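Novice: This structure is in structure tokens; I'll ask about it shortly.
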2 protein chains.
Amino acid sequence: MRLADSFRSERFGAVRIHELQRVIELDSGAVADAGQPGLSTGSRIVGPEALRAVETQLVIVVPCMNETRSVIEGVLSGIPHDCLIVLVSNSDRSPVDRYEIEAQTVEQFCRLAGRSAVTVHQRDPGLAAAFKAAGMEELIDDGLVRRGKGEAMLIGMALAAMTGRRYVGYVDADNYVPGAVHEYCKAYAAGLHIAGSPYSMVRISWHSKPKLRDGRLFFSRRGRSSEVTNEWLNRLLAEYSGFGTEVIATGNAGEHAMSLDLGLKLRLAGGFAVEPYEYVDLFEQFGGVLESNDPEVMMNSVPVVQIETRNPHFHDNKGEEHVQGMRMQALNVVYHSPVTLPAVRQAIIEFMVGQGALEVGQEPQRERVYPPVGSLDLDLLYDGLDAEALSFRQLDGRAAAGLSASPPIDRDSIPQKL
Amino acid sequence: MRLADSFRSERFGAVRIHELQRVIELDSGAVADAGQPGLSTGSRIVGPEALRAVETQLVIVVPCMNETRSVIEGVLSGIPHDCLIVLVSNSDRSPVDRYEIEAQTVEQFCRLAGRSAVTVHQRDPGLAAAFKAAGMEELIDDGLVRRGKGEAMLIGMALAAMTGRRYVGYVDADNYVPGAVHEYCKAYAAGLHIAGSPYSMVRISWHSKPKLRDGRLFFSRRGRSSEVTNEWLNRLLAEYSGFGTEVIATGNAGEHAMSLDLGLKLRLAGGFAVEPYEYVDLFEQFGGVLESNDPEVMMNSVPVVQIETRNPHFHDNKGEEHVQGMRMQALNVVYHSPVTLPAVRQAIIEFMVGQGALEVGQEPQRERVYPPVGSLDLDLLYDGLDAEALSFRQLDGRAAAGLSASPPIDRDSIPQKL
């Protein structure tokens, strides 16, 4: 993969946010890994060996809710072979058990492709019991893990951590373009390679999003919600530096990846607040404004690599209500962060009142924030899943390909608590 | 890339048409090239080394007509680095010189990506003069190369032959999904690798084609024109074998590739007849019904590998008239082929009359068919292009990347006439 060079970055304590970098070539040929900026091309290559090295350590978590079989199949086909697939489903289980169809789709794919995967249903009572036993009661409401995307991502990260792999990336299941999924995964690998820190994050900004408008397709550059989220995250930064900035272009990025060394330290937010809150939590934990508990991380930097992919992001339209919800959840987390300065907080309130999202005199809602996945006892989590979670499946298609098979998560080699 | 196995093929003389094979994984990992059917997975891998070996010998011809800059940029970004790009444009040159914009887009891309390309305009008088000098006056009307897609493909094949590379593939410029372009090229490489003959062809059937219907997207499985073309090509075969067949699924495939050893022997048809006529010409030249001039080819087989790609084919809608035209051009070439048996010819007439495309008592139109590109004197073609074709550009971005640069077509190493 060839990426345009990123010449600028903004620093916030240990967090180094790199300017958006475009993908120039999806496949940059067999040239040995350069990793360094090109001579005068303004671009750099991450060669196949370097990509492969990350992919063999990368878990791709696919949050899934009521997608059709053929869409899921397409998404799976785009995930590079060396990545491990973890499907976290929040699909309906009646009148038709859609999770069962999804798990069968994954199993069939694994058999055909000779690879392995893990699947689980978010609302499995056994999963909730396992998280409770492992030390995260906050995740549970009424005996079940709460609904919500942040919650699905948290489950996925915990499963990823149990595999012993080093990286986790997220790809939404509602994607009609397998080639886009493929590009996201390659961009994760390229970004994690060039980030050059054990604590790194890669966030995707898609090239465009096709929309139906007046009976034809219009390729919109930015999502409706992204513009608002990015603007306020950038204002948070600018209020400190005194210089306006547009460096953050991926505040709502559903497609993103990170090292588990970083991921296990992050506090994830619930619902759709999860993606913007990752930025906020980076600023809180590693921004140098509040005291950090991690001198080890502060000594390193925490690079955030932002990549603009080439493919259009072509997915189901969830409607206006969904978008308005996402927008406000992002503002809620920026508002309530202790690193957000008073002038920005005041401006957020004015904006939200102007949008009709807040009554005069009200405060923005607080979003739910969970403890870091690194605080979980993974051995207990595994034991709970294994014993009680009926939806928990470890699929291994490698035996069908004549390879020696072993489950992706092995009780004896679960990494110890941080 | 991992493909489902093709267990069946139909034979017509030396031509061996393989059943459609699905792409299972876009990236099948670093496993050394297997090339053989998997143990019990029902699939086979073509590994990165094998793909690369074909790509370094592959010319990708992009026929282009009035596409926007950003669509062309996307298509280029999807073509693997090791492939050589040839853009053949039939775009408007006034009031705005769109070819100039296209050539600049290609040049800028080549500089950023450190790669090379060739571009030419189909209606350049110097190009027509060069083809005339090289021995193909049939291509010219009124001092210019005729308009039409077959003509653009013929120009592209001649340029490909001059580079000395071994394979040529076609990718239409009106494709909104760079990841689909990437998959087509990988599928060409995989198919040419597994074909296992110096005379081989790979044809793509896309997974689906999104269409606007009642304000939402519908993923249609087959094009309107493909169904008709495939049906009649299959009837041509079935009339000989006495067994109905659906083996041909790619009669209209715009996305296809072949070895130049085969391509230089083919007679290409003009306009949109070009793609179905490739099948017809294979049957005429190598079907064993008519006498063949090529005992060498007849001793080998001529495999046609058909691959169903994963990505939706997402392009501009050219409207119903275009489709009806394509459909009838395909029927014209099947009708007029000396290998088509009388019963099929009669049925074609009845079908066309029923469709209102023919009056009772009329004969289907004859499509223009050109001599093989292998009959051209490539040295004379080059000299003509070099001296007179102002639109002919050889772009080399490798110098910008610090690599030693040489033009893609080198006068001293043009392969000799067949």
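The values are calculated or read from the model by the stated rules, or taken from the named source; none is laboratory data. The model shown is predicted, which means the values in this text are computed figures rather than measured ones. Note that we place each Cβ from the backbone using ideal geometry, even for glycine, and neighbour counts take in every protein chain shown. The area values use the complete protein model at the heavy-atom level, side chains included, leaving out ligands, DNA and RNA. Shrake-Rupley method; radii C 1.70, N 1.55, O 1.52, S 1.80 Å.
Novice: Given the condition closer than 20 Å to A:Cys185 by Cβ, at pLDDT 95 or above, touching a strand residue (DSSP E or B) at 6+ places or on another chain (Cβ under 8 Å) and within 12 Å of chain B (Cβ to nearest Cβ), answer yes or no: does some residue in the stretch A:61-70 qualify?
Specialist: No, the stretch A:61-70 contains no residue that is closer than 20 Å to A:Cys185 by Cβ, at pLDDT 95 or above, touching a strand residue (DSSP E or B) at 6+ places or on another chain (Cβ under 8 Å) and within 12 Å of chain B (Cβ to nearest Cβ).
Novice: Return yes when B:Leu112 is open to solvent by 10 Å² or more (accessible area, probe 1.4 Å), closer than 30 Å to A:Ala4 by Cα and either free of Cβ contacts under 8 Å to residues at least 24 places away in the same chain or touching a Lys or Arg at 6+ places or on another chain (Cβ under 9 Å) (or both) and no when it is not.
Specialist: Values: open to solvent by 10 Å² or more (accessible area, probe 1.4 Å): yes; closer than 30 Å to A:Ala4 by Cα: yes; either free of Cβ contacts under 8 Å to residues at least 24 places away in the same chain or touching a Lys or Arg at 6+ places or on another chain (Cβ under 9 Å) (or both): yes.
Yes: the conditions hold for B:Leu112.
Novice: Pick from the stretch B:12-45 the residues that are out of contact with any strand residue (DSSP E or B) (no Cβ under 6 Å at 6 or more places or on another chain), more than 9 Å from chain A (Cβ to nearest Cβ) and at pLDDT 95 or above: which of them is surrounded by the fewest Cβ atoms within 10 Å (Cβ to Cβ)?
Specialist: Only one residue fits best here, namely B:Glu19.
Novice: Something else about it: Residues of the stretch A:115-147 being within 14 Å of chain B (Cβ to nearest Cβ), buried (at least 24 other Cβ atoms within 10 Å of the Cβ) and of a type outside the set (D, E, K, R), which ones?
Specialist: A:Ala117
Novice: State whether the residues of the stretch A:162-176 include one that is open to solvent by less than 10 Å² (accessible area, probe 1.4 Å), assigned to a loop (DSSP other than H, G, I, E, B) and within 14 Å of chain B (Cβ to nearest Cβ).
Specialist: Yes, the stretch A:162-176 contains a residue that is open to solvent by less than 10 Å² (accessible area, probe 1.4 Å), assigned to a loop (DSSP other than H, G, I, E, B) and within 14 Å of chain B (Cβ to nearest Cβ).
Novice: Considering each of A:Ile204, A:Ile248 in turn, give the residue that is over 14 Å from the mean Cα position of the chain (by Cα), at pLDDT 90 or above and outside any helix (DSSP H, G or I). Before the answer, list the steps.
Specialist: Values: A:Ile204 fails: over 14 Å from the mean Cα position of the chain (by Cα).
Every option except A:Ile248 fails the conditions.
Novice: Hey, among the residues in the stretch B:85-109 that are surrounded by fewer than 24 Cβ atoms within 10 Å (Cβ to Cβ) and within 14 Å of another protein chain (Cβ to nearest Cβ), which one's farthest from the chain's Cα centre (by Cα)?
Specialist: B:Gln108
Novice: Continuing with the same structure: Would you check which residues across the stretch A:291-305 are surrounded by 23 or more Cβ atoms within 10 Å (Cβ to Cβ) and either small (Gly, Ala, Ser) or modelled with pLDDT under 95 (or both) and list them?
Specialist: Listed by number, the list is empty, since nothing qualifies.
Novice: Step by step: first the residues of the stretch B:1-11, then only those that are within 14 Å of chain A (Cβ to nearest Cβ) and not in a strand (DSSP E or B), then the one that is modelled with the highest pLDDT. Which residue is that?
Specialist: Taking the candidates together, the pick is B:Met1.
Novice: Continuing with this model, one more query. So, A:Ala190, is that one within 14 Å of chain B (Cβ to nearest Cβ), outside any loop (DSSP other than H, G, I, E, B) and either touching a residue at least 40 places away in the same chain (Cβ under 8 Å) or at positive phi (or both) or not?
Specialist: Values: within 14 Å of chain B (Cβ to nearest Cβ): yes; outside any loop (DSSP other than H, G, I, E, B): yes; either touching a residue at least 40 places away in the same chain (Cβ under 8 Å) or at positive phi (or both): yes.
Against the criterion (within 14 Å of chain B (Cβ to nearest Cβ), outside any loop (DSSP other than H, G, I, E, B) and either touching a residue at least 40 places away in the same chain (Cβ under 8 Å) or at positive phi (or both)), A:Ala190 qualifies.
Novice: Which condition number does A:Leu331 fail, the rest of (1) surrounded by fewer than 21 Cβ atoms within 10 Å (Cβ to Cβ); (2) among the aliphatic types (A, V, I, L, M); (3) in a helix (DSSP H, G or I) being met?
Specialist: (1)
Novice: Of the numbered conditions (1) open to solvent by 40 Å² or more (accessible area, probe 1.4 Å); (2) of a type outside the set (A, V, I, L, M, F, W, C); (3) not in a loop (DSSP other than H, G, I, E, B), A:Asn230 fails exactly one; give the number of that condition.
Specialist: (1)
Novice: Right, next: Do we have A:Glu308 as of a type outside the set (Gly, Ala, Ser), open to solvent by less than 10 Å² (accessible area, probe 1.4 Å), on the phi < 0 side of the Ramachandran plot and touching a residue at least 12 places away in the same chain (Cβ under 8 Å) here?
Specialist: Answer is no for this residue.
Novice: While we're on this one: Suppose the filter is more than 28 Å from B:Gly356 (Cβ to Cβ), at pLDDT 95 or above and in a helix (DSSP H, G or I); does B:Gln285 pass it?
Specialist: yes
Novice: Something else about it: Out of A:Pro364, A:Pro372, I need the residue that is under 26 Å from the mean Cα position of the chain (by Cα) and in contact (Cβ under 8 Å) with a residue 40 or more places away in the chain. Which one?
Specialist: Result: A:Pro372 is the single residue among A:Pro364, A:Pro372 that is under 26 Å from the mean Cα position of the chain (by Cα) and in contact (Cβ under 8 Å) with a residue 40 or more places away in the chain.
Novice: Is it fair to say A:His207 is buried (at least 24 other Cβ atoms within 10 Å of the Cβ) and within 13 Å of another protein chain (Cβ to nearest Cβ)?
Specialist: In short, no.
Novice: Scan (1) within 18 Å of B:Pro63 (Cβ to Cβ); (2) assigned to a strand (DSSP E or B) for the single condition B:Gly150 breaks and write down its number.
Specialist: So the condition that B:Gly150 fails would be (2).
Novice: Could you list, in sequence order, all residues of the stretch B:352-411 that are under 19 Å from B:Thr119 (Cα atoms), of a type outside the set (Gly, Ala, Ser), open to solvent by 50 Å² or more (accessible area, probe 1.4 Å) and assigned to a loop (DSSP other than H, G, I, E, B)?
Specialist: B:Leu390, B:Arg398, B:Pro407, B:Asp410
Novice: Could you go through the stretch B:258-267 and let me know if any residue there is farther than 20 Å from B:Gln21 by Cα and modelled with pLDDT under 95.
Specialist: no
Yes/no per residue for (1) of a type in the set (D, E, K, R); (2) more than 14 Å from every other protein chain (Cβ to nearest Cβ):
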position: B:Glu363; (1), (2): yes, yes
position: B:Leu378; (1), (2): no, yes
position: B:Ala389; (1), (2): no, yes
position: B:Gly397; (1), (2): no, no
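Novice: Considering (1) crowded, with 24+ Cβ neighbours inside 10 Å; (2) in a helix (DSSP H, G or I); (3) facing chain A (nearest Cβ under 9 Å), say which one B:Glu73 fails and leave the rest.
Specialist: B:Glu73 satisfies every listed condition except (1).
Novice: Can you say whether B:His182 is under 24 Å from B:Gly374 (Cβ atoms) and either in contact with a Ser or Thr (Cβ under 7 Å, 6 or more places away or on another chain) or open to solvent by 10 Å² or more (accessible area, probe 1.4 Å) (or both), as far as the supplied structure shows?
Specialist: no
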